[in-house]
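Below is one structure; the comments refer to it alone.
The values are calculated or read from the model by the stated rules, or taken from the named source; none is laboratory data. The structure displayed is predicted, hence computed values, not measured ones. All Cβ positions, even for glycine, are placed from backbone atoms using ideal geometry, and neighbour counts span all protein chains on display.
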Amino acid sequence: MEKRILALPEGDYYARIAQWFHQSPRNRPISPFSHITFQTYVENRVHEDTIASLEEALRVEPNNRWALERIAELYGESSLGDPNANLFKAQLYESRALALKKSGAGEDPR
């Protein structure tokens, strides 16, 4: 079945959607009609280097250690909002990053 789907003509709307579903989720585009891969999307969000962009990167790739470490730093430095909530979030993200580092898991694209 997969071979037949991948052999369908690329110009066909439904074939393109079917082919997209059968590609590796990590390497396929973010949508059937996009040329941006998930990996590129995450890298772009990380390089924006804001709390919002890092949270978005972590929604897509929750084990990205660099994003976890950086968002922990940003929350720790933030003077916006509730300081206790910021400290809690900084500690939460930092502990997730450390746990991934100790286990040898997680993405560290640096």
**Message:** Can you find a residue that is of a type in the set (S, T, N, Q) and free of Cβ contacts under 8 Å to residues at least 24 places away in the same chain anywhere in the stretch 50-64?
**Reply:** yes
**Prompt:** Is there a residue in the stretch 86-109 that is at pLDDT below 90, assigned to a loop (DSSP other than H, G, I, E, B), surrounded by fewer than 17 Cβ atoms within 10 Å (Cβ to Cβ) and touching a Leu at 6+ places or on another chain (Cβ under 9 Å)?
**Reply:** yes
**Asked** Does the stretch 57-71 contain at least one residue that is surrounded by fewer than 16 Cβ atoms within 10 Å (Cβ to Cβ) and among the small types (Gly, Ala, Ser)?
**Response** no
**Message:** Pull out all pairs, ordered by first then second residue, where Cβ-Cβ is under 8 Å, the residues are six or more apart or on different chains, the first lies in the stretch 5-32 and is in a strand (DSSP E or B), and the second is among the hydroxyl-bearing types (Ser, Thr, Tyr).
**Reply:** PRO29/THR37
**Members of the stretch 29-64 found to be closer than 20 Å to SER95 by Cα and either assigned by TED's automatic domain parsing to the domain that holds GLN19 or among the hydrophobic types (A, V, I, L, M, F, W, C) (or both), listed by number** = VAL46, ILE51, ALA52, LEU54, ALA57, LEU58, VAL60
**Asked** Which numbered condition trips up GLY81, out of (1) on the phi > 0 side of the Ramachandran plot; (2) surrounded by 15 or more Cβ atoms within 10 Å (Cβ to Cβ)?
**Response** (2)
**Prompt:** Within the stretch 10-42, how many residues turn out to be out of contact with any Lys or Arg (no Cβ under 9 Å at 6 or more places or on another chain) and over 27 Å from LEU58 (Cα atoms)?
**Reply:** 6
**Message:** Condition first: closer than 26 Å to PHE21 by Cα and not in a helix (DSSP H, G or I). Now tell me which residues in the stretch 37-84 satisfy that.
**Reply:** THR37, GLU61, PRO62, ASN63, ASN64
**Request:** Filter the stretch 1-32 down to the residues that are within 19 Å of the chain's Cα centre (by Cα) and farther than 25 Å from LEU100 by Cβ, then identify the one that is modelled with the lowest pLDDT.
**Result:** GLN23
